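Have a look at the structure below before the remarks.
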Amino acid sequence: MSSQEKSFERINQKRRTRAELLRAARELTERGAQPSVAEVADHAGISRATAYRYFSKPEEMIREAVLDAVATSIRIEPVASGEEPEAVGLQLQVLVGRIFDMVHENEPMFRALLASTVTGDSKVKRGARRIGWLTEALEPLQPQLPPRDFQRLIYALSLLTGIETLVVLKDVCGLNVQEARETTLWAAKTMLAGLIGGQCASAPD
């Protein structure tokens, strides 16, 4: 396994650990509890030391757990391996559109989460649900692309699938919601087409 692949696997493992902590936090809060980070760690079967590396304050954990529950609305439709890039491209458009709509509908909560992670007042690190969604949606293309290119595509598309996208397009660029959505979908389509087109152009006759 290359260093790039090992790095990607470490990210996936961290994503799974974080997901388990958030699942445990939701379960406890749904029972009417206001759990501490340590209590959530115990419920998840994860060491307290590990849990505190992800969340330093229980309110941060609960807030993201709420958003995590919202994110369960995102579904990836299966695309068979070997499908034409056009089918995967359509899948990507649907996914990016669904994520944009989810973030827009819960914009105040997502902005609050963003603020807590960029001011330096919190040690909490952002989740990586978008990495998993994008990887699953583009998986049929993975055999056709060099591992490094595939990973870079996932990382680049992650810039288009979060509250950061709305902040830039609405606050900085002055676009309305519909314009921001259309621009986001266009950018995702252009990224994918650029990479696939580049691979085709570099392939031997």
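Data for the structure
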quantity: Selection status of LEU134, in contact with a helix residue (DSSP H, G or I) (Cβ under 8 Å, 6 or more places away or on another chain), closer than 27 Å to GLU20 by Cβ, surrounded by 15 or more Cβ atoms within 10 Å (Cβ to Cβ) and at pLDDT 95 or above; calculated: no
quantity: Lone qualifier among ALA25, ALA38, ALA19 - being farther than 30 Å from PRO146 by Cα and in contact (Cβ under 8 Å) with a residue 40 or more places away in the chain; calculated: ALA25
quantity: Checking GLN142 against (1) open to solvent by less than 20 Å² (accessible area, probe 1.4 Å); (2) under 16 Å from ILE196 (Cα atoms), the condition it does not meet; calculated: (1)
quantity: Extreme residue, modelled with the highest pLDDT, among residues of region 115-131 that are open to solvent by 40 Å² or more (accessible area, probe 1.4 Å) and aliphatic (A, V, I, L, M); calculated: ALA115
quantity: Scope region 46-68; condition open to solvent by 40 Å² or more (accessible area, probe 1.4 Å), without any contact (Cβ under 8 Å) to a residue 60 or more places away in the chain and either touching a helix residue (DSSP H, G or I) at 6+ places or on another chain (Cβ under 8 Å) or acidic (Asp, Glu) (or both); matching residues; calculated: SER47, ARG48, TYR52, PRO58, GLU59, ILE62, ARG63, VAL66
quantity: Restricting region 69-86 to residues that are among the acidic types (Asp, Glu) and out of contact with any helix residue (DSSP H, G or I) (no Cβ under 7 Å at 6 or more places or on another chain), the residue that is least open to solvent (accessible area, probe 1.4 Å); calculated: GLU84
quantity: Scan of region 87-114 for residues that are at pLDDT below 85 and surrounded by fewer than 16 Cβ atoms within 10 Å (Cβ to Cβ), ordered by number; calculated: PRO108, ARG111, ALA112
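The values are calculated or read from the model by the stated rules, or taken from the named source; none is laboratory data. All values derive from a computational prediction rather than experimental measurement. Please note: Cβ atoms are built from the backbone with ideal geometry, for glycine as well, and neighbour counts cover all protein chains shown. Note: areas computed on protein heavy atoms with side chains; ligands, DNA, RNA excluded. Shrake-Rupley method; radii C 1.70, N 1.55, O 1.52, S 1.80 Å.
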